1. Most mobile of 140, 250, 21 per a Gaussian network model of the chain (Cα springs, under 10 Å)?
2. Counting only DSSP beta bridges with both residues in region 1-120, tell me the antiparallel percent, nearest 5.
3. What nm value, rounded to one decimal, do you get for the distance between residue 4 and residue 58 when each label is placed 7 Å out toward the C-beta?
4. Can you tell me the alpha carbon radius of gyration of the chain divided by the globular rule-of-thumb value 2.2 N^0.38 Å?
5. In the chain, what % of DSSP beta bridges are antiparallel (nearest 5)?
6. State whether region 99-185 is rounded, prolate or oblate according to the following rule on the C-alpha gyration tensor (a ≥ b ≥ c being the square roots of its eigenvalues): a/c under 1.5 gives rounded; otherwise a/b larger than b/c gives prolate, and the remaining case gives oblate.
7. Between residue 170 and residue 101, what is the spin-label point distance in nm, taking each point 7 Å from the Cα along the Cα→C-beta axis?
8. Helix-only mean residue ellipticity at 222 nm, the chain, DSSP H runs n ≥ 4 weighted -39,500 (n - 2.57), per residue, nearest 500. What is it?
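None of the figures in this text is laboratory data; all of them are computed from the coordinates on show. All values reported here derive from a predicted model rather than from experimental measurement. For neighbour counting, all protein chains shown are included, and Cβ atoms are generated from backbone atoms with ideal geometry for every residue, glycine included.
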Ligand code: AMP
Ligand code: MG
C-alpha cells in the first residue's frame, strides 16, 4: 500500500477560494470547528463531501453564507423570531433551520423542505466565501459539515483535518490553516416548530425560552437526521462525571481497570485533583476553555492509547449544556465496546 498523498495546507483566503471555485474541497477554519467545505452551487463537489466523510446522504448540510444579506436567497418566509436571532448572533455560532426556496437541491437539505443556514464568526471563513463569489460571479455559499469521517471527533485544528481525512481527498483539495478553532464545539441549531423556538443542537449561543431536545431523539413531528445519540466518539471508553463534589474520583466512577500498560485519561476543571496513575489532559478554568479543548483532549486520549477518557463536567457557564450534550453522545458512541480501548 502506498502512503496517502498529504493534504496541502494553504494560508491565504484567496488561494482557498481558488480551490473551491475549481470544484475542490477545502478544510475550512470556522470559529466552531474545521468544516469540509464545497461550493454550495456545485453539486458534484457537494456530493463529494458526503463521499469523503462517509456521511449518509440523508444528513442535511449547513449552508454557510458570507453575510446575512444572502439569507433570503436560500430561505422563504423566515419566521420573525429566527430572523431576530440571526440578526443578533450573526456572524457567529448559530444555525437557523428555515423553509427552503424551491431551487435549493435535496442533496443539501437531505430531502427536507427546510434548509439550515449560518454566517460563520471566523473572519477568514467569510473572506473565503466573499472571494469565491468574486471568482464565480455569484453570491457564494458553502456547505461545510465538520471535516472528519462520519461519527468521529470533529477537528479543531488543520492538523486534525490532515490526519483524519488523509487518503479521502483528491488532488486539488486542500486545508486552510487559520489556527485552532476559538469555540471548539459545533454551532447551536435552532428551528421554529409549532410556534416555538426549539434548540435541535446546543452550542455556544444559548437561547432564552427555547425548548431543547438534547436527548438524541428528534422532537416530535420533525425529521432531524444527523442528531444521532451516538456521535463524536473517540476510541477510548468515555465516562462522564456530572458533579464536582468529588470525594475520590477513581472509586466514585468505579475505577476503570485498564489493560496492563493502558492509561485512564482525565479532563476536569481546574481545582479537581488527578487520581494517582491517571493522565491529566487539561484543567480548563471555565466552560469556554473546556469547550475549546474538549475534542483535542479526546484525540489526545486516543493518541496516548488510553483505555478510558473520564470527563468531569464544568459546573456552570453557557457552554455547559453543549459540552454535556457532546460528551453524552461520545459516551453512547463508545459504550458497547467489550474491550474499552479496542481500536475501531
Ligand atoms: P453538521 O453535521 O455539524 O454539519 O450539522 C448538520 C446537522 O444540522 C445535520 O446533521 C442535522 O442534524 C442538522 N440540520 C441540517 N439541516 C437541517 C434541517 N433542514 N432540519 C433539521 N436539522 C437540520
Ligand atoms: Mg460533524
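1. Most flexible of the set in this elastic network: 250.
2. If I count the DSSP bridges inside region 1-120, around 75 percent turn out antiparallel.
3. Modelled inter-label distance: 2.8 nm.
4. 0.99
5. Numbers: 19 of 44 bridges.
Bridges in the chain that DSSP calls antiparallel: roughly 45 percent.
6. Prolate shape, in that a/c is at least 1.5 and a/b is the bigger ratio.
7. My value for the distance between the label points is 2.7 nm.
8. Details: 10 runs with 96 residues, N = 344.
Helix contribution divided over all residues of the chain: -8000 deg cm²/dmol.
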